[in-house]
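Engineer: Would you mind keeping the following structure in view while I ask a few things?
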Amino acid sequence: MAWDEWEQLKADARGRAGEASQHTRLNSVPDGGGAAPAAVVPPLQTDPTGKKAAVTALEQTIRPDTDTAGDRAQEPSGSTVRTFSGWATADGLADAHQEWQRQVKNLKDRLANDQSALARANDEFHYVDTGVMTEIAQVAPGRAARREA
């Protein structure tokens, strides 16, 4: 594609989007100056009760049930591999069972990490909030000194 054609395609796209400027704007100040429109962004909120319920569910239900489900294939797979001993099928089943065990271990590790992260989340939010509050408290009120160019 020729460069001129690319530029024309970009101009057409800007026209369809109602954008007249070819420059990227990194701020939200209108072209005419003045104040930027107030963004409606909901504040970040956490749900300590929900996190605690999730940790409890992971600890008491999900992780034990995952252990049970992961172990359920253990004996049938082993006996099937023994039944087909000496056949290529036995090797394939053994490989599939090893992959199953690896996947179950990965899932159990991930669930444990999720449980740990949820349990730590409240403390981490508190520490971040405290750190930001401390940094803000260190800022002296008043006008900032101007730098000479």
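The values are calculated or read from the model by the stated rules, or taken from the named source; none is laboratory data. Keep in mind that what you see is a predicted model, and the values were worked out from it rather than measured. Glycine gets a Cβ as well: all are built from the backbone with ideal geometry, and neighbour counts include every protein chain shown. Calculation scope for accessible area: heavy atoms of the full protein, side chains included, ligands and nucleic acids excluded. Shrake-Rupley method; radii C 1.70, N 1.55, O 1.52, S 1.80 Å.
Engineer: Would you be able to say whether some residue in the stretch 70-86 is open to solvent by less than 70 Å² (accessible area, probe 1.4 Å) and either at pLDDT 90 or above or within 30 Å of the chain's Cα centre (by Cα) (or both)?
Structural biologist: Yes.
Engineer: Given the criteria in a helix (DSSP H, G or I), out of contact with any strand residue (DSSP E or B) (no Cβ under 7 Å at 6 or more places or on another chain) and loosely packed, with under 13 Cβ neighbours inside 10 Å, does Asn122 qualify?
Structural biologist: Spelling it out, it is not the case that Asn122 is in a helix (DSSP H, G or I), out of contact with any strand residue (DSSP E or B) (no Cβ under 7 Å at 6 or more places or on another chain) and loosely packed, with under 13 Cβ neighbours inside 10 Å.
Engineer: Suppose we filter the stretch 97-119 for residues that are surrounded by 14 or more Cβ atoms within 10 Å (Cβ to Cβ) and either in contact (Cβ under 8 Å) with a residue 60 or more places away in the chain or over 17 Å from Thr68 (Cα atoms) (or both); how many remain?
Structural biologist: So the count comes out to 4.
Engineer: Spot the failing condition for Trp3; the list is (1) modelled with pLDDT under 85; (2) open to solvent by less than 100 Å² (accessible area, probe 1.4 Å), and only one is missed.
Structural biologist: All conditions pass for Trp3, except number (2).
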